[in-house]
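Working notes, beginning with the structure itself.
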Amino acid sequence: MTNIDKVAIDKVGVIGAGQMGTGIAHVCALAGVNVVLNDVSADRIKAGLATINGNMTRQVKRNRITEAERQAALARIVPAVGYDGFSDCDLVIEAATEKEDVKRKIYGQLCPNLKPDAMVGSNTSSISITRLAAATDRPERFIGIHFMNPVPVMELVELIRGIATEDATYEATKAFCHRLGKTVAVSEDFPAFIVNRVLMPMINEAIYTLYEGVGTVEAIDVAMRLGANHPMGPLQLADFIGLDICLSVMQVLHEGLADSKYRPCPLLVKYVEAGWLGRKTQRGFYDYRGEKPVPTR
Ligand SMILES: CC(=O)CC(=O)SCCNC(=O)CCNC(=O)[C@H](O)C(C)(C)COP(=O)(O)OP(=O)(O)OC[C@H]1O[C@@H](n2cnc3c(N)ncnc32)[C@H](O)[C@@H]1OP(=O)(O)O
Ligand SMILES: NC(=O)C1=CN([C@@H]2O[C@H](COP(=O)(O)OP(=O)(O)OC[C@H]3O[C@@H](n4cnc5c(N)ncnc54)[C@H](OP(=O)(O)O)[C@@H]3O)[C@@H](O)[C@H]2O)C=CC1
């Protein structure tokens with residue numbers, strides 16, 4: 001057992017400056033934590049920092065934070081291509097692409113650069129924490145720390161312990177989530193954990209509903225928004241999350257639980273094969289290239 005619960009988390013490394021990594025860096029920096037933000041290229045990180053700045057500027061306009069807080073938070077985020085700046089991180093949160101081989105490769109390069117007692121968390125939506133932990137040199141200090149999108153707005157973080165995760169790692173990451181103002185729900189390490197075990201089959205079913213011609217994109221979304229009081233329709237939400245991520249999660253559920261009820265809808269597969277991944281590529285179930293989103297079917 002280590003004494004991680006007594007170690008303050010003063011510096012966090014975030015890997016992946018996409019939708020989630022930028023949101024995680026955003027909330028950490030606003031909570032007074034120093035952040036080193038990594039991605040595959042300087043351009044990617046630059047785009048990520050611009051996103052964070054845009055979201056914080058909106059928070060200033062809406063009087064959620066002050067201009068001084070925005071400036072102080074942005075100054076806490078340091079860009080890093082490679083892992084040189086990670087040697088004094090207390091916690092690293094990996095939020096790279098939802099592919100196991102990508103994540104394993106990252107841990108292989110990251111771990112030799114970390115101090116021995118640093119913790120590593122993955123923001124994976126679905127992949128086994130025990131298996132990811134086994135790809136590191138520190139499974140006892142590895143944990144699933146699953147933020148929800150958009151991170152600055154959503155209150156929940158799922159914490160998922162792998163088979164080897166020590167109590168001290170769990171307690172330290174739980175306290176850290178509370179410091180960020182989040183509420184924690186604990187999930188056992190089963191495919192897609194709690195939120196996505198329930199949410200993704202609903203989204204997949206909405207795509208089947210479209211595929212079978214039961215309703216149009218607009219009819220399905222309006223039905224669930226106004227008929228079930230969901231803040232977004234399921235197809236709008238799928239585009240928001242990213243269709244590549246929705247497909248990966250369904251594949252993990254299908255393979256991991258070996259039940260045909262999790263079969264990814266062929267239409268979802270087709271959209272991903274087309275590179276129509278939702279908002280991030282400007283086209284998914286809606287086309288976002290014009291003034292307002294237009295359904296693609
Ligand atoms: C896939 C996984 O592994 C797990 C997941 O994350 S599953 C996805 C979970 N997320 C959801 O289900 C989101 C569902 N959608 C919603 O809750 C809402 O539509 C929404 C919060 C995204 C937007 O709400 P809205 O009322 O339509 O829009 P809007 O009024 O513009 O925004 C509400 C607030 O969110 C903020 N916001 C919206 N998008 C934001 C973003 N990307 N980043 C930061 N802040 C954002 C706005 O600034 C606004 O803040 P204030 O209340 O402080 O003014
Ligand atoms: N989208 C969502 O709603 C949610 C997603 N998640 C999870 O968070 C993680 C990230 O998702 P999300 O932010 O949406 O995905 P994005 O595609 O928006 O971002 C992923 C980022 O990781 C980068 N990346 C890829 N390989 C590496 C690498 N080797 N080193 C550093 N960065 C790398 C990508 O760069 P490039 O594009 O150049 O490959 C991209 O910038 C996934 O595990 C996902 O399942 C969790 C909760 C919600």
Open item on the list: Which one, Leu268, Phe176, Asn204, is farthest towards the positive end of the dipole of region 139-268 when Lys and Arg carry +1 and Asp and Glu -1 on their Cβ?
Closed with: Phe176
Open item on the list: Checking the a/c ratio against 1.5 first, then a/b against b/c, what shape does the Cα gyration tensor give for region 6-70?
Closed with: oblate
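For the residues Arg138, Arg289, what sequence is obtained by ranking on other C-beta atoms within 10 Å, fewest first?
Arg289, Arg138
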- [ ] Provide Ser87, Ser41 in ascending order of the number of other Cβ atoms located within 10 Å of each residue's Cβ, fewest first.
- [x] Ser41, Ser87
Open item on the list: About the Cα centre, and with charges only on the beta carbon of Lys, Arg (+1) and Asp, Glu (-1), how big is the dipole of region 4-187? Nearest 20 debye, please.
Closed with: 520 debye
Open item on the list: From the helices alone, meaning DSSP H stretches of at least four residues, give me the mean residue ellipticity at 222 nm for the chain, per-run term -39500 (n - 2.57), in deg cm²/dmol to the nearest 500.
Closed with: -13500 deg cm²/dmol
Open item on the list: Strictly over 20 Å apart at the Cα level, which of Lys61/Lys174; Lys11/Lys115; Lys99/Lys280 would you flag in this model?
Closed with: Lys61/Lys174
TODO: Sum up the charges of everything whose Cβ sits under 13 Å from the Cβ of Val153, counting Lys and Arg as +1 and Asp and Glu as -1, but leave Val153 out.
DONE: +3
- [ ] Could you tell me which of Leu91, Val60, Val12 has its Cα farthest along the dipole of region 1-118 towards the positive end, charges placed at Cβ (Lys, Arg +1; Asp, Glu -1), taken about the Cα centre?
- [x] Val60
Open item on the list: Let me make sure I get this right: for region 149-194, a, b and c are the square roots of the gyration tensor eigenvalues over alpha carbons, sorted descending. Under 1.5 in a/c it's rounded, otherwise prolate if a/b > b/c, else oblate. Which is it?
Closed with: oblate
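So in the chain, what percent of DSSP beta bridges are antiparallel if you round to the nearest 5?
25 percent
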Task: Leading residue at positive end of dipole, the chain (Cβ point charges), from Tyr286, Ile241, Ser126 - done: Tyr286
- [ ] Specify the inter-centroid distance of region 111-176 and region 44-99, based on alpha-carbon positions, in whole Å.
- [x] 19 Å
- [ ] Please work out, to two decimal places, the log10 of the ratio I(q)/I(0) at q = 0.08, 0.10, 0.12, 0.15 Å⁻¹ from a Debye calculation in which every Cα of the chain carries one identical scatterer.
- [x] -0.35, -0.55, -0.79, -1.21
- [ ] Take each uninterrupted DSSP H stretch in the chain, measure its Cα extent along the helix axis, and return the ones at 27 Å or beyond whose mean Kyte-Doolittle hydropathy is at least -1.0.
- [x] 42-61
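Each reported figure results from applying straightforward, stated rules to the coordinates on display, with no laboratory input. Keep in mind that what you see is a predicted model, and the values were worked out from it rather than measured. Cβ coordinates were reconstructed from backbone atoms using ideal geometry, including for glycine residues, and neighbour counts include every protein chain displayed.
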